[in-house]
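Reviewing the structure listed below.
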């Protein structure tokens, strides 16, 4: 068997901490994505995928409205 001179074992990278965003921020980002894909002439998207984005937006909007009550 051949042993490598470089026997250093790679340490696992530390997980990045993700900042939780508010429902209002998520709604704003989804609005931006929907508008981007609907009106961008540079990018085309499968209509089914655009519908998925719109459904996600409706779900987040519902959550936002329910949390506001």
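None of the figures in this text is laboratory data; all of them are computed from the coordinates on show. Small disclaimer: the values here were computed from a predicted structure and weren't measured. Here Cβ is always computed from backbone atoms with ideal geometry, including for glycine, and neighbour counts include all displayed protein chains.
Going by how many other Cβ atoms sit within 10 Å of their own, how do 69, 54, 24 line up, fewest first?
On the way: 69 4, 54 15, 24 12.
Going from sparsest to densest Cβ surroundings: 69, 24, 54.
Looking at the stretch 23-68, what % of the alpha carbon pairs are farther apart than 15 Å? The calculated P(r) of the stretch 23-68 puts 43 percent of pairs beyond 15 Å.
In plain terms, the residue of 64, 39 with the fewest other Cβ atoms within 10 Å comes first and the most crowded comes last, giving 39, 64.
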